[in-house]
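I have placed the structure first, in the form of structure tokens, so that the comments after it can refer back to it.
The numbers here are math on the coordinates, done by the rules we state, and not lab data. Small disclaimer: the values here were computed from a predicted structure and weren't measured. Here the Cβ positions follow ideal geometry from the backbone for every residue, glycine too, while neighbour counts run over all protein chains shown.
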Amino acid sequence: MKVLVIGQGGREHALVWKLSQSPKVTKVYCAPGNAGTGEDAENVDISETDVDALVAFARREKIDLTVPGPEASLVIGVVDAFRKAGLTIFGPTKAAAALEGSKTFAKQIMRNAKVPTADYVTFEDLRAANDYIRERCGGGRFASADRPLQIGGAQEGTIRKTNPTWEQPIVIKADGLAAGKGVRVCHTEEEALEFTRACLVGNSFGKAGSRIIIEECLVGEEASILAIVDGKTIIPLEASQDHKAAYDDDRGPNTGGMGAYCPTPVIDEAMMDEITQSVLIPTVHEMKRKGATFSGVLYAGLMITRQGPKVLEFNVRFGDPETQPVLMRLKTDLFDVLYSAAIGKLRELPDLEWDPRPAVCVVMASRGYPGEYEKGFPIRGLEKSNDSESTKVFHAGTKRKDDQVINSGGRVLGVTALGQNLDQAKLSAYERVKKIRWEGAWCRKDISDKARTRVKTEE
Ligand code: AMP
Ligand code: GLY
């Protein structure tokens, strides 16, 4: 079987690596790929959003299965185009990808399906949004949930006043895709007004910001559930936890994700059942009812609150960097999983098998990331002799230039390791990190510590 993976990040390298291990797979291509995918597969110089060229390539090469990585390909309808051309592809249609592409669409689905999520209101009009924020805030801090809210101008939704005395921030989100930058947890009125302006009139996110959601701030611990779906059958993968903030102890600006580990003690078996029953099943049903049958990866970004799991956001693709540790542990042939989902036969797939060892992925980034970053430096220490059976360096923002691999993106590598326990996995990952060098390279030092603290407190 010939496989095409679309994308160029760490997630795609992990997909390429895992798919190429399948005895059924004879050839893996990656479009456009990075230096790492170029080692484990053959890179093809086609952009992830050039749908016509991707279809033409898949036809010419008689590709048996295509796996798009990024949301950008999905929301513009790469799945629809491949299916129209009679090609087998794993992922949601354009209509179903709106679950990630529009936060208001996702909220409507959740409301109809009674999926637990933060209360919210939506605005397109700056003045109405400002009035709401001022009313709610009442002079500097968001303490005023006890006062009646005049929700003049809100287009839909209400935020319940659940706790009259609790001071809490509000969360403002651009409706559309904003490359991970469209969410701001606002602690002051000033910050909320400024971000709202940037979205609605400042054109910070283009059309994606012409509508905003204002929602209550949820408190708890975050977890990521990636579930493989074929329209009717749902197979959740083992739970993982991302680290979104740039710096240790969850400080600093939001990023695409600075590291992840799997499994996470935040999600035990009972919690997983609850999530399946209260989030995954109703969402998949509601999508079908809506005429946007979902297949592909349903990624639920969750906050595990005192009231139970609540959805922060849905994504419609594998998470990055969650995919790296999750796939490191998956023993089942990934080709079988994705192909079965693509042809609607997930029900026939035997139970997934997992390596019992936990996995930790540490993201190494370029100096300056998540802001403007420096690139073009040669990366040393990638030699295979530095690897072991239980470590893998997944490439993200890398490029081959002559004989060297250089950094070409903000998130550059996802150094991933398995270990007998989480401490061992973390140790191995950081030992591998230490052998890698380029000018300005940095990483968080505390990936997976949250799990260790939790395990210790519970013991
Ligand atoms: P998103 O891009 O929607 O995943 O949001 C980015 C990050 O913002 C999440 O991973 C959370 O850390 C935070 N966030 C988003 N929505 C909320 C919320 N309602 N309450 C608290 N934190 C949130
Ligand atoms: N790790 C977060 C994401 O993939 O959106």
For this session: Give me the percent of DSSP beta bridges within the chain that run antiparallel, rounded to the nearest 5.
Result: 80
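Assign unit charges at the C-beta atoms only (+1 for Lys and Arg, -1 for Asp and Glu), then state the dipole size of segment 318-459 relative to its Cα centre in Debye, rounded to the nearest 20.
Values: 25 positive and 22 negative charges, 95 e Å.
In debye, rounded to 20, segment 318-459 gives about 460.
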Exercise. When Rg is the radius of gyration of the Cα atoms in the chain and Rh is its Kirkwood radius, what does Rg/Rh come to?
Worked result: 0.96
For this session: Post the alpha-carbon centroid distance, segment 18-73 to segment 371-425, in whole angstrom.
Result: 21
Seminar exercise, completed: For the chain, the longest principal axis of the Cα atoms and the Cα long axis of helix 449-458 enclose an angle in degrees, to the nearest 10, of 70
Exercise. What does the highest-first list of 260-267, 47-54, 208-215 look like by mean Cβ count within 10 Å?
Worked result: 260-267, 208-215, 47-54
Exercise. In degrees, nearest 10, range 0 to 90: what is the angle between the Cα axis of helix 189-200 and the longest Cα principal axis of the chain?
Worked result: 60
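Take peptides 343-350, 4-11, 362-369 and line them up by average Cβ neighbours within 10 Å, highest first, as a rough protection proxy. Could the numbers behind the result be given before it?
Numbers: 343-350: 13.4, 4-11: 28.6, 362-369: 23.2.
Final packing ranking: 4-11, 362-369, 343-350.
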Seminar exercise, completed: the chain: relative contact order from alpha carbon pairs under 8 Å, six or more residues apart, as a whole percent, is 16
